[in-house]
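Q: I have a structure I would like to understand better, so I am pasting it below and will then ask my questions one at a time.
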Amino acid sequence: MRNTKKSGIIRFFIYKEGKKYIGVCLDLDIVEENRNIEQLKESLTEAARGHIMTVAREKMDDKFLNRRAPRSYWKKYQTYLKYLEQERVSGKACHYLNGATISSACLPLHRNWVMM
């Protein structure tokens, strides 16, 4: 799906690296880090919201809503999704994979925008 000013999907991926958490907005190429996961979620969500609102307000090209994060982050994200699928198929409870998590939030910008 291609994001536009009227609708889109923004995916987040947060994982632990050493003593800090790395948060990635996979569809907008925003990366942040913090030792506190709750502060990171809030900061990353605000950065994405600000980016989307700026693109809409300034009537910028939709290409700025479709800036994929570097491949290394997508590989980590895909590895985590595969792990979750294996856990689901095996009937085991899903556990964190090296502190990784997928963060969800609603973006009150437009009814067709979803953050996952």
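Q: Amide H of Ile30: which non-local residues (sequence gap of 5 or more, or other chain) have their own amide H closer than 5 Å, using H built in the peptide plane?
A: Residues meeting the criterion, in which the H sits 1.01 Å from N, are Cys25.
Q: Apply the Karplus curve 6.51 cos²θ - 1.76 cosθ + 1.60, θ = phi - 60°, to the phi angles in segment 63-73 and return the couplings in whole Hz, x for Gly and Pro.
A: So the J values, rounded to whole Hz, are 4, 6, 9, 9, 9, 5, 5, x, 3, 4, 6.
Q: Scan around Ile10 for amide H atoms under 5 Å from its own, H built in the peptide plane at 1.01 Å from N, and keep only partners 5 or more places away or cross-chain.
A: Val114, Met115, Met116
Q: Here's a follow-up. Using the basic label-point model (7 angstrom from Cα toward the beta carbon), what is the Ala47 to Arg68 distance in nanometres?
A: Distance between the two pseudo-spin positions: 2.0 nm.
Q: Next question. Where does the charge balance sit around Arg68 when Lys and Arg score +1, Asp and Glu -1, over other residues with C-beta under 9 Å from its C-beta?
A: 0
FYI, it's all coordinate maths here, none of it is from the lab. Everything numeric here is computed off the predicted structure, so don't read it as measured data. Counting neighbours? That spans all protein chains shown, and the Cβs are built from the backbone with ideal geometry, glycine included.
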